[in-house]
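Okay, so here's the structure we're looking at.
Each value in this text was obtained by applying a stated rule to the coordinates, not by laboratory testing. The model shown is predicted, which means the values in this text are computed figures rather than measured ones. Note: ideal-geometry Cβ built from the backbone for every residue, glycine included; neighbour counts use all protein chains shown.
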Amino acid sequence: MALEGRTVVVTGAGGGMGRGIAEAAAEAGARVVVGDLALDPVAETARRIETGGGRALPLVLDVTDPASITAAIARAAGAFGRLDGWVNNAGILRMEAALDLPAADWEAQMRVNVSGLFSCCQIVARRFIAQGEGGAIVNVASNAGKVGYPNMAGYNAGKAAVINLTRSLAAEWAPHRINVNAVCPGGVETPMLMAVAEWITSRQGGDPKELVQRMAPAQLGRPIQPIEVGRVVAFLLSDAAAVIRGQSINVDGGDTPY
Ligand SMILES: NC(=O)c1ccc[n+]([C@@H]2O[C@H](COP(=O)([O-])OP(=O)(O)OC[C@H]3O[C@@H](n4cnc5c(N)ncnc54)[C@H](O)[C@@H]3O)[C@@H](O)[C@H]2O)c1
C-alpha cells in the first residue's frame, strides 16, 4: 500500500482515465479527492471507491478557475487533514485539420490542458510548501505531445507544453521536496478515444468501436485500460518514485520509442 495515509486529488475524475487513476490511487491506499465539472460523475467514482473499501470525496472542480482549485484544496485538507498528491488529468481534445481549426478550439485546449494544469500545479505547490513536507504532482500529458498526430495540432502542442512544464517545475520545486512527473498515455479506452474514432469514421467510414480496437498498441494487441495508466500514476505519486523526476513516461504499450 504505497499511498497508505496519503491524500491525493485527481482532476477530471468523473470518468475515463481520471476514474481509473482515482481507483488505482485508492487501491494503493490513498484517500482520494475526485474533482470534475459536474458532481454526479465524480459522486459515482467516489461510490465505486467506497464500495471497494476505500475513502473518497467527490467535488466540483473547474481547473480553469483558480478560485475553484483553491476551494478544492481547502475541502480536501478539511476532510482528510492534509494533501500529499495531485494528478492533473482533466483535459479536452478538439479534432480538426490544422488549416481549419477554429481559434476558439485552439484557445479552449490551451486554457484547459496547459493554463488550467499550470494553475493547479502552482496553487497546490504553494499548499505543499506551506505544509512543509513536500508532495508529488503527476501530469497527464500524452504521447501526442511527442509524436504530433494529424488533426490534433492544438492538442499535440498543448501536451508538448505539459511535457516541458513538467521538467521545469521538477527542477524549480525540488528544493521544496515536490516531485513532478508526467505520463504519456497512448490510446486508452475512454470516452475521449471513442470521440476520436467517431470523428475519423464520420469522415472516412467504418465502425468507431472497431476502430478503437484497431488503435490498440501493436505490442500489446489490445486497448489500454484506464486503471493500467492509473497504476503507473499511483507509483509516480509514491516515495518509490523519488528517483524519477521531471520525466514524461510513455504508458502506450510500446508505441512511442522515445
Ligand atoms: N484516452 C486517451 O487515449 C488519452 C491518451 C493520452 C492522454 N489522454 C489524456 O488523459 C486525460 C483524460 O482523458 P480521457 O481520455 O479520460 O478523456 P475524457 O474526455 O473521457 O475525460 C476527461 C475529463 O476531464 C473533465 N474536464 C474537462 N474540462 C475540465 C475542467 N475545466 N475542469 C475539470 N475537469 C474537466 C471532463 O469533464 C472529463 O470527465 C486527458 O488529459 C487526456 O488528454 C487521453
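Points to keep in mind about this one:
- Rg in Å to one decimal, and Dmax rounded to a whole Å, for the stretch 76-219 via C-alpha atoms: 17.4, 55
- Charge sum, other residues only, whose C-beta stays under 13 Å from Gln204's C-beta, Lys/Arg counted +1 and Asp/Glu -1: -1
- Neighbour-limited loop hits for GluC sites (Glu not before Pro), the stretch 132-224 (at most 13 other Cβ within 10 Å; DSSP other than H, G, I, E, B): Glu133
- In the chain, Cα pairs under 8 Å separated by at least six residues give a relative contact order of 21 percent.
- Over the C-alpha atoms of the chain, the Rg to Rh ratio, Rh being the Kirkwood estimate, stands at 0.95.
- When the charge dipole of the chain is built from unit charges on Cβ atoms (+1 for Lys and Arg, -1 for Asp and Glu) and taken about the Cα centre, the candidate among Gly15, Gly52, Thr201 whose Cα reaches farthest toward its positive end is Gly52.
- Ala24 sits among other residues whose Cβ lies under 11 Å from its own Cβ, and their net charge, with Lys and Arg +1 and Asp and Glu -1, is -1.
- When the Cα positions of Ile224, Ala77, Leu99 are compared along the charge dipole of the chain, Ala77 comes out farthest toward the positive end, with charges on each C-beta of Lys, Arg, Asp and Glu.
- Principal-axis tilt of helix 191-204 within the chain, Cα atoms, nearest 10 degrees: 10
- With a cut-off of 14 Å between beta carbons, the residues surrounding Met192 carry a summed charge of 0, where Lys and Arg count +1 and Asp and Glu -1.
- Residues considered: Ser248, Ser119, Ser142. Largest GNM mean-square fluctuation over the chain, using C-alpha springs under 10 Å, is found at Ser119.
- Simple Cβ-charge dipole of the chain, Lys/Arg +1 and Asp/Glu -1, about Cα centre, in debye nearest 20: 540
- Inter-probe distance in nm under a simple model that places probes 7 Å from Cα toward Cβ, at Glu172 and Ser202: 3.8
- Calculated translational diffusion coefficient of the stretch 153-258 (20 °C, 1.002 mPa s; Stokes-Einstein with Kirkwood radius over alpha-carbon pairs) equals 139 µm²/s.
- Taking 0.36 nm per residue of sequence separation and removing the Cα-Cα distance, the Ala103/Glu4 pair yields an extension gain of 31.2 nm.
- Between Gln122 and Asp239, the modelled label-to-label distance comes to 3.2 nm, taking each label 7 Å out from Cα in the direction of the beta carbon.
- Placing unit charges on the Cβ atoms only, positive for Lys and Arg and negative for Asp and Glu, gives the stretch 68-135 a dipole magnitude near 400 debye about its Cα centre.
- What the Cα atoms of the stretch 1-78 give is an Rg and a Dmax of 11.3, 33 Å.
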